[in-house]
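A.B. asks: Just dropping this structure here.
Each value in this text was obtained by applying a stated rule to the coordinates, not by laboratory testing. Computed from a prediction, not measured in an experiment: that's the story for all the values here. A quick note on method: Cβ atoms are made from the backbone with ideal geometry, for glycine too, and the neighbour counts reach across all protein chains shown.
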Amino acid sequence: MESPDLAALLPSWQVALRAERKSPRTLRGYTEGVVAYLRWCDENGQPAVMDRRQVSRFTDDLLVNGAKPATATARQMGVRRFCAWLAAEGELDTDPLLGMKSPKLDQQVVEPLTEDELRALLKACAGKDLRARRDEAILRFMMETGARAGEVAALQVDDVDPVKGTAVVRRGKGGKGRVVPFGPQTALAMDRYLRVRRTHKLAASSVLWLGDRGRGLVSYHGIRKALKSRADKAGVTDFHPHRLRHTAAHRWLSAGGSEGGLMAVAGWSNPQMLMRYTRAQASARAADEARRLNLGDL
């Protein structure tokens, strides 16, 4: 079979990804990988074809030129997923990249935020205006439930019930929805935000998080910007929203919560993901557990 025109088929693949309900972030990441590969082929005088050795050279060049292993892996993954789609659609007889290995990733350890840092963040949200109420509600919700920033940004007004202490994440990673419970302090923060939200000119909007300039805060970047400003005010360094997910997982297990319960609340279906998010303080939690068990007391 003659090699297909990859650039011409890229928009069709994007249509297929949207039909599979891939998130905008996933679609963007996959597309960036394919675009980078096509650019590399052009710059290196190589035909734009799906060839195992050629894709390996592309990946190696990314690493040689300073790309982080995670970035190189993401770019290669985009190309591999595109290739799999081409084969499934009959544009290729077979998938020549099937079984191709990704670059070995360094296992990054993300330290959870300390209790003092969490208190400082909450203190930085003090105030009664819409921004203060909103940011405290977002912060408390994320630090308690471990919800992803994208999931939090996508919440609608009707998804949150402070009385019952629940929120419906209608589209988690992989298109999986779930009900997320939260406690009284987060419920109080949510209720306070919802009450001040009623005075906003966009109060009739279904979007939960509103900005103080008449705009909705409905993206990962909007959440990140809002919380990063609070972290700067609180003096919390190296802050990014995903640290709250690591923090929630650590605090859950430290408080004696079960791994199964944590996976259900945080939206993990793979135990390996739980291990990845809780690796940083695993030894400390084990030491605390050993002291509580006190098995040497005979």
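A.B. asks: List the aspartates and glutamates whose Cα lies under 17 Å from the Cα of K128, skipping any in the same chain that are fewer than 8 positions away.
C.D. replies: Within reach: E136, D191, D212.
A.B. asks: A further question follows. Just want the ordering: H221, H246, from fewest to most Cβ atoms lying within 10 Å of their own Cβ.
C.D. replies: In increasing order of surrounding Cβ atoms, one gets H221, H246.
A.B. asks: Next up: What does the highest-first list of 38-45, 78-85, 177-184 look like by mean Cβ count within 10 Å?
C.D. replies: So the peptides 38-45, 78-85, 177-184, ranked by packing, come out 78-85, 177-184, 38-45.
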